1. So which chymotrypsin sites (Phe, Trp or Tyr not before Pro) in region 38-71 are both in a DSSP loop and have at most 16 other Cβ atoms within 10 Å of their Cβ?
2. May I ask for the net charge around Ala13, where only other residues with Cβ less than 10 Å from the Cβ of Ala13 are counted and Lys, Arg are +1 while Asp, Glu are -1?
3. Considering the convex hull of the alpha carbon atoms of the chain, report its projected area averaged over all viewing directions, in nm², one decimal.
4. Modelled label-to-label distance, Arg10 and Thr58, 7 Å Cα→beta-carbon offset: nm?
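Taken together, the values in this text are just the output of simple stated rules run on the coordinates, not laboratory data. Computed from a predicted model, the values in this text were never measured in an experiment. So basically every Cβ, Gly included, is an ideal-geometry build from the backbone, and we count neighbours across all protein chains shown.
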Amino acid sequence: ADLRDSNGTRICAELFTDDSAYYDQCCAGNVLVVEPGSDVPYMPHGWSGTASSLVVGTKCELVVWSRKGKNGDTHKFSS
């Protein structure tokens, strides 16, 4: 299903600070919402190295880099 915020607006991905091996507890803690069309070369303050789980919506792709400023190795996530 599509990811939506509390207002029903479509979002592309959510990154979470907590994870678990148990499915019902896998995405918890603080959440960082990624809106469609976002292009963010730097993680927001306090998020660098803290995302431990994520969900990507349908028809979206999340690309992450190993170094700041879109440098280093990349990894792509999709639904």
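1. Filter output for region 38-71: Tyr42, Trp47.
2. Result for the local shell: -3.
3. Quarter of the Cα hull surface area: 5.6 nm².
4. For Arg10 paired with Thr58, the spin-label model returns 1.0 nm.
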